[in-house]
Amino acid sequence: MHLTDAEATDPGLTPGSVPATFEHGEIRFGFAACFDLYFPEHFAALAAQAVDVVLCTSYQRSESADRIRGIAQVRALDTGAYPLRGSYAMGQPDTGAHSLVAAADGAVLNDAGAGACLLAAELDPKRKFTKPVSHGRPEVEHRALIESHRRAGVYCPRLPFRNRRFARVNRSFRAV
């Protein structure tokens, strides 16, 4: 769905227009590739399609291990699904790599670290993260709670973000 500038210009790839999903048996899968992981909107769109598992291929060679895990954990909460993140083994424990499995509640179930390996984790893709609403109300599925309070109209400012704080110069951003 989302391409970096280099992906759009060098190989001439075209971005997608609709988040991809498919069903196998009773499990609904969604997809995210590398740069998509930075866009909560992509994962909100997958959540709207009631995905259970998100298959994520990602290189993210310059990200810290903590940031990679954090992004996966937040995207699990964004979708209420289980992200399965596959990446290159880089041999550097604090940068890149980190194929992992996260639960719908954001917990990391297994993390390959910097190495190459086969990951295994027990999960129930139909089990969703529930929590108390608050103020003594009963438990509710996390995504249902979020969606019931979403105020889509307040999230799109009148001007795009980059026009307010950043100027785009030669396909890169600089603060203004």
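The values are calculated or read from the model by the stated rules, or taken from the named source; none is laboratory data. All of these numbers come straight from a predicted model, not from anything done at the bench. Note that each Cβ is placed from the backbone with ideal geometry, even for glycine, and that neighbours are counted across all protein chains shown.
Summed over the stretch 79-98, residues that are of a type outside the set (Gly, Ala, Ser) and either at positive phi or free of Cβ contacts under 8 Å to residues at least 12 places away in the same chain (or both) total 1.
Looking at ALA104, ALA72, ALA76, ALA120, which one is part of a loop (DSSP other than H, G, I, E, B), within 26 Å of GLU23 (Cβ to Cβ) and within 12 Å of the chain's Cα centre (by Cα)?
ALA104
Could you list, in sequence order, all residues of the stretch 83-100 that are in a strand (DSSP E or B) and surrounded by 16 or more Cβ atoms within 10 Å (Cβ to Cβ)? Those that are in a strand (DSSP E or B) and surrounded by 16 or more Cβ atoms within 10 Å (Cβ to Cβ): PRO83, LEU84, ARG85, THR95, LEU100. Give me the residue from the stretch 1-48 that is of a type in the set (D, E, K, R) and within 16 Å of ILE71 (Cβ to Cβ) and, out of that set, nearest to the chain's Cα centre (by Cα). This residue is ASP36.
If we keep just the residues of the stretch 5-15 that are of a type in the set (Gly, Ala, Ser) and not in a loop (DSSP other than H, G, I, E, B), which is surrounded by the fewest Cβ atoms within 10 Å (Cβ to Cβ)? Full working, then the answer.
As a first pass, look at the stretch 5-15 and keep what is of a type in the set (Gly, Ala, Ser): 6, 8, 12.
The next check asks that each one be not in a loop (DSSP other than H, G, I, E, B); those that pass are 6, 8.
Details: ALA6: 10, ALA8: 14.
Among those that are of a type in the set (Gly, Ala, Ser) and not in a loop (DSSP other than H, G, I, E, B), it is ALA6.
Can you find, within the stretch 16-69, the residue that is surrounded by the most Cβ atoms within 10 Å (Cβ to Cβ) among those that are closer than 20 Å to ASP111 by Cβ and among the aromatic types (Phe, Trp, Tyr)? By that ranking, first place goes to PHE43.
Looking at the stretch 107-120, is at least one residue of a type in the set (D, E, K, R) and under 17 Å from GLY30 (Cα atoms)? Break it down into steps so the answer makes sense when it comes.
Kept after step one, since they are of a type in the set (D, E, K, R), are these residues of the stretch 107-120: 111.
From what's left, under 17 Å from GLY30 (Cα atoms): none.
Within the stretch 107-120, none of the residues are of a type in the set (D, E, K, R) and under 17 Å from GLY30 (Cα atoms).
Checking each residue in the stretch 70-82 for being out of contact with any Leu (no Cβ under 7 Å at 6 or more places or on another chain), buried (at least 20 other Cβ atoms within 10 Å of the Cβ) and over 14 Å from THR130 (Cα atoms) picks out no residue at all. Pairs linking a residue in the stretch 30-44 that is within 13 Å of GLY16 (Cβ to Cβ) to a residue that is charged (D, E, K, R) and crowded, with 18+ Cβ neighbours inside 10 Å, with Cβ atoms under 9 Å and 6 or more positions apart or on different chains, are GLY30/ASP52; ALA32/ARG75; ALA32/ARG85; HIS42/ASP36; HIS42/ARG75; HIS42/ASP78. Of the residues screened, ALA45 is not one that is under 14 Å from ALA102 (Cα atoms), out of contact with any helix residue (DSSP H, G or I) (no Cβ under 6 Å at 6 or more places or on another chain), of a type outside the set (Val, Ile, Thr) and modelled with pLDDT of 90 or more.
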